Amino acid sequence: MKKTLCISLTLFLILIFPSCSSDNQMGGSAILEEETLPDVAYGGDADQMYDIYLPKGRTSDTRVILLVHGGGWTSGDKTDMNGFRDFLREELPDIAIVNLNYRLADDANPPHPMQINDITAVVNDLKDKQNSYQIGTGLGLVGVSAGGQLSLLWSYAHDSGNQVQMVCSVVGPTNFTDEAYLNSGNPILQELVSQFGEDEAFLKSVSPFHQATAASPPTILFYGGQDPLIPTSQGIDMDNKLGELNVAHEFIFYPEEGHGWNGANLLDTSIKLKAFIETHLR
């Protein structure tokens, strides 16, 4: 009798426990594990690569944040955004992160529309792979310096699918028709703006300030008052424009900071960015 009971109990455990724990299942659906896919090609150029960090337990509703590096449109790499990548993965573990490279400008290849086209190509690649990645279509963009300009411009003027739910610019140029640029005697500023030519209509077409509308997505802006590359008017005027358009936005200005910062202000940036993403990327 005891032997029969023991055998029956053993069979019961063999039959029951796999159905509860093997394959990490709940309610009949497998829980997807965290996955990292480095250097995914989205075009034929060596720079057209992105890294994607897929969170555990993702679904077809999982939101995605694109990270867009800076470098004056002519340099930089996705590794420059690793700090933002690590922070977002730690603090917002349910969101998929895409850290992208784009083709860099040179004398033969101006930044626009090449780099905007690359962001579009990344978004289209994510759409094509939505089922295999198990992600949604809701997007956030976080860009730094030139990447801030690209993030704002794509979100305001090139998001044909209305996917962007929030966008962040950290020290990104916003208005290439600003007198602070056009009349500057600083050769570095002149060289940066000269990549976009002198035609006023074209300069407006690549300026987030001139492309923002009442339908623009929620925007958070971070700028420093001592930035040698970004005149203070770039952030202040963008803040005022978004306010006039009644676009949900935040403008954070650090009077004593330059083109980037550390310490307490970096912590403040991190806290405010996280809260903004949690509010708007849903």
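Observations on the model:
- So Q115, is it polar (S, T, N, Q) and open to solvent by less than 10 Å² (accessible area, probe 1.4 Å): yes
- Only one entry in A215, A157, A146 is open to solvent by less than 10 Å² (accessible area, probe 1.4 Å), within 23 Å of P113 (Cα to Cα) and out of contact with any Lys or Arg (no Cβ under 6 Å at 6 or more places or on another chain), namely A146.
- Boolean, D239 is acidic (D, E), in a helix (DSSP H, G or I) and open to solvent by less than 60 Å² (accessible area, probe 1.4 Å): yes
- Within region 64-100, if we keep just the residues that are farther than 20 Å from G260 by Cβ and part of a loop (DSSP other than H, G, I, E, B), the residue that is most open to solvent (accessible area, probe 1.4 Å) turns out to be D94.
- Residue within region 225-233 that is in a helix (DSSP H, G or I), within 23 Å of N162 (Cβ to Cβ) and open to solvent by 30 Å² or more (accessible area, probe 1.4 Å) present: no
- Residue tally, condition crowded, with 21+ Cβ neighbours inside 10 Å and either part of a loop (DSSP other than H, G, I, E, B) or in contact with an Asp or Glu (Cβ under 8 Å, 6 or more places away or on another chain) (or both), over region 242-256: 1
- Restricting the search to helices (runs of 4 or more DSSP H) fully inside region 117-221 and requiring at least 1 residues that are among the acidic types (D, E) gives 179-182, 187-194, 200-205.
- Of the listed requirements (1) open to solvent by less than 20 Å² (accessible area, probe 1.4 Å); (2) of a type outside the set (G, A, S); (3) at pLDDT 95 or above, L189 misses just one: (3).
- Any pair with Cβ under 6 angstrom, 6 or more apart, that starts in region 155-180 at a residue that is among the aromatic types (F, W, Y) and ends at one that is outside any loop (DSSP other than H, G, I, E, B) and open to solvent by 20 Å² or more (accessible area, probe 1.4 Å): Y156/Q211
- Test result for G43, modelled with pLDDT of 95 or more, part of a loop (DSSP other than H, G, I, E, B), more than 24 Å from I277 (Cα to Cα) and open to solvent by less than 60 Å² (accessible area, probe 1.4 Å): yes
- Matching residues, region 88-128, being in contact (Cβ under 8 Å) with a residue 24 or more places away in the chain, under 16 Å from L153 (Cα atoms) and among the aliphatic types (A, V, I, L, M): I116, I119, A121, V122, V123
The values are calculated or read from the model by the stated rules, or taken from the named source; none is laboratory data. Just so we're clear, the structure is a prediction, and the values are computed from it rather than from any experiment. Positions of Cβ are generated from backbone atoms using ideal geometry, with glycine treated the same way; all protein chains shown enter the neighbour counts. Keep in mind that these areas ignore ligands, DNA and RNA; they rest on the heavy atoms of the full protein, side chains included. Shrake-Rupley method; radii C 1.70, N 1.55, O 1.52, S 1.80 Å.
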